[in-house]
Every structure is written in structure tokens, then in C-alpha cells.
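In what follows, a single structure is set out as C-alpha cells and then discussed.
The values are calculated or read from the model by the stated rules, or taken from the named source; none is laboratory data. As the structure is a prediction and not an experimental result, all values here were calculated from the model. Glycine gets a Cβ as well: all are built from the backbone with ideal geometry, and neighbour counts include every protein chain shown. Ligands, DNA and RNA are stripped out before the accessible areas are found, and what is left, the full protein with its side chains, is counted by its heavy atoms. Shrake-Rupley method; radii C 1.70, N 1.55, O 1.52, S 1.80 Å.
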Number of protein chains: 2
Amino acid sequence: MSDPRETGTAFLPKFDSAGLVTAVVTDRATGCVLMVAHMNADAIAATRASGEATFFSRSRGRLWKKGETSGNVLRVVEMRVDCDQDALWVIADPAGPACHTGAPSCFYRRIGDGGLERID
Amino acid sequence: MSDPRETGTAFLPKFDSAGLVTAVVTDRATGCVLMVAHMNADAIAATRASGEATFFSRSRGRLWKKGETSGNVLRVVEMRVDCDQDALWVIADPAGPACHTGAPSCFYRRIGDGGLERID
């Protein structure tokens, strides 16, 4: 019953049919979830090699280093993988607002009974 | 240029082709990412109505309340949505270990240079 992917020490990402895993980035200092994006094998390798979070952009169909245009890179402190290795948790120090809207986090709205409520 | 999905107060989840959005659950007390799963419209509605995190299980093809068997439910404190509304952040109080392996979080391994390192 023991699944080596769950219990072992080998990093064996379980990519979906598009070759991607989900990556959740949190801010080391605040604990806030900053963004959720996707990584393919190349994005994981680039992130580990550079220490700056790099994703695979599904809309653009290419690797995309967060902050490559804005300068708001995410400096990786630590990466963790979940039990079945289809999701990554990236703990990072953000160089600036993580969201393209200028908000510190992409999650700038709470879901309330009457709709969304801005929280920053 | 202003996208009402990004700037507005209407909750309009952007479901993928399978009818799902990504849901990231963190522990209110520790800030840890506990798990990453998926919700469809029914799972979102069930979560909001019950106050306990409910997901759509892709492997079982049905709604799945976290803890329905183990008792380790995730009591929802707050839900947030990201800029393009294809991901949810669920802040929760876990009733027990979030991972089916018994670990407090599904993210119990750090990605190190030599492989995965257990952290709990």
C-alpha cells in the first residue's frame, strides 16, 4: 500500500496531461498566499537554478519568470511538494507586488455574502 | 482595459474545461498551506453553505467533503478569490491532520538538492 511517491525521498512531480503541476506561492514574511500558477519541468528547473520563481504561462505557451517585466520577482526561500506530488508550495520573498493589478497578493478580495469585498 | 472579473465585486469563478477551479487551503493559526484541491460550482456552494471545505474529487468523480470519513474537517474562516477568479484561497481551522498520510499538512517534504526532506 505504500506509495513511494508519497513516502519516499525522490522528487517525482506528477504532471497533468498538459505537463503541469500547480504551484502556490506564499510570502515568507506575512504568510499570505501571493499567487497560484503552474510549472512544467523546465519551469521547475529554472526556478531551482535561478532561485526566482518561474512558471509556465498557459496563455502565452512559454516559460515566464514572474517579474521579468515588472521587476517584481519572487525570490525562493524554500519549495515543498505535497503527498501525491502534483502541487508545489513555494515560500518566497517578493520584490514587490505579486499581482499584475498592483496588489500585494492576487487574492485581494474576500468572498462575502453579498459579493466580493476588497481587503487591501 | 478594465476587466470586471478583476476589478468588480461579482463572484464569477472562471472554471476550467472540466468545470473546476483550484482551491488552496491554509491553516489560520500556523499559516501553513495544508492542501491543494479542486472545487466545482457545487463544491463551492456546499463549502459556503456548510462552512466546511468540500471539494470535487477528480479521481472519484464526485463531491468530497474533506474529513467526511476521518472527521478531520476543515472549518472555513474566510474564502478569497484571485485576480482572474480561477483560484480560491480558503483560510481554515483544521479539526485534525489535513493529509491522508496523517501529516498535519500535505506539504510535509521540502525539495532539497539531494531529494526530498521530511519536515514534520
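Along Cα-to-Cβ, 7 Å out, sits the label point; list in nm, shortest first, how far the one on B:Arg60 is from those in the other copies.
Counterpart label points of B:Arg60 in the remaining copies fall at 3.9 nm.
How far is B:Arg75 from itself in the other copies, in nm, if each label sits 7 Å out from Cα along the Cα-Cβ line, shortest first?
Nearest to farthest, the other copies are at 3.9 nm.
At 10 °C and a viscosity of 1.306 mPa s, what translational diffusion coefficient does Stokes-Einstein give for the protein assembly as shown, taking Rh as the Kirkwood radius over Cα pairs? Give it in µm²/s as a whole number.
Numbers: Rh = 18.1 Å.
It diffuses with D of about 88 µm²/s by this estimate.
Relative to the other copies, what are the label-point distances for A:Gly102, with labels 7 Å from Cα along the C-beta vector, expressed in nm at one decimal and sorted shortest first?
Taking the point 7 Å beyond Cα along Cα→Cβ, the inter-copy spacings are 5.2 nm.
With respect to the axis carrying A onto B, what is the closest chain A residue by Cβ position, and how many angstrom separate it from the axis?
A:Gly31, 2
Determine the total buried accessible area between chain A and chain B, counting protein heavy atoms only with a 1.4 Å probe; round to the nearest 100 Å². Please report the intermediate quantities before stating the final value.
On the way: alone 7270 and 7290 Å², together 11100 Å².
Approximately 3500 Å², summed over both chains.
Restricting to bridges with both residues inside the protein assembly as shown, how much of the DSSP beta-bridge set is antiparallel, in percent to the nearest 5?
80 percent
First obtain the Kirkwood hydrodynamic radius of the stretch A:50-120 from its Cα pairs, then insert it into the Stokes-Einstein equation at 4 °C and 1.567 mPa s, and state the resulting D in µm² per second as a whole number.
93 µm²/s
Rounded to the nearest 5, what % of the DSSP beta bridges within chain A are antiparallel ones?
Here the share of antiparallel DSSP bridges comes out near 80 percent.
Does the stretch B:1-69 come out rounded, prolate or oblate, given a ≥ b ≥ c as the square roots of the eigenvalues of its C-alpha gyration tensor, rounded meaning a/c under 1.5 and, failing that, prolate meaning a/b above b/c? Don't skip to the end; give the middle numbers.
On the way: a/c = 1.95, a/b = 1.35, b/c = 1.44.
Oblate shape, in that a/c is at least 1.5 and b/c is the bigger or equal ratio.
Just how large is the dipole of the protein assembly as shown about the Cα centre, in debye to the nearest 20, putting +1 at every Lys and Arg Cβ and -1 at every Asp and Glu Cβ?
Numbers: 28 positive and 30 negative charges, 37 e Å.
Computed charge dipole of the protein assembly as shown: roughly 180 debye.
How shielded is B:70-82 by partner chains, expressed as the average number of their Cβ atoms within 10 Å of its Cβ atoms?
Counting other chains' Cβ atoms within 10 Å and averaging over B:70-82 gives 3.
Order A:Lys65, B:Lys66 by their accessible area, 1.4 angstrom probe, all chains in place, largest first.
Result of the area sort, largest leading: A:Lys65, B:Lys66.
Ranked from the most accessible area to the least, with a 1.4 Å probe and all protein chains present, what is the order of B:Phe11, B:Phe107?
B:Phe11, B:Phe107
Compute the acute angle (0 to 90°) between the alpha-carbon long axis of helix B:41-50 and the principal axis of greatest extent of the alpha-carbon atoms of chain B; round to the nearest 10°.
The two axes meet at around 70 degrees.
State the Cα centre-to-centre distance between the stretch A:4-34 and the stretch B:70-119 in whole Å.
The two parts, judged by their Cα centres, are 11 Å apart.
Whenever you get a sec, compute what percent of the accessible area on the stretch A:1-97 sits on carbon and sulfur atoms (1.4 Å probe).
51 percent
Just to verify a number: FRET efficiency for A:Val77 and B:Thr9, C-beta to C-beta distance, R0 = 45 Å, to 0.05?
It comes to 0.85.
Suppose we take every Cα in the stretch A:4-118 and form the convex hull; what volume per residue is that in Å³?
134 Å³
I need to check one value: relative contact order of chain B, counting alpha carbon pairs closer than 8 Å and at least 6 residues apart, in percent.
Computed value for chain B: 24 percent relative contact order.
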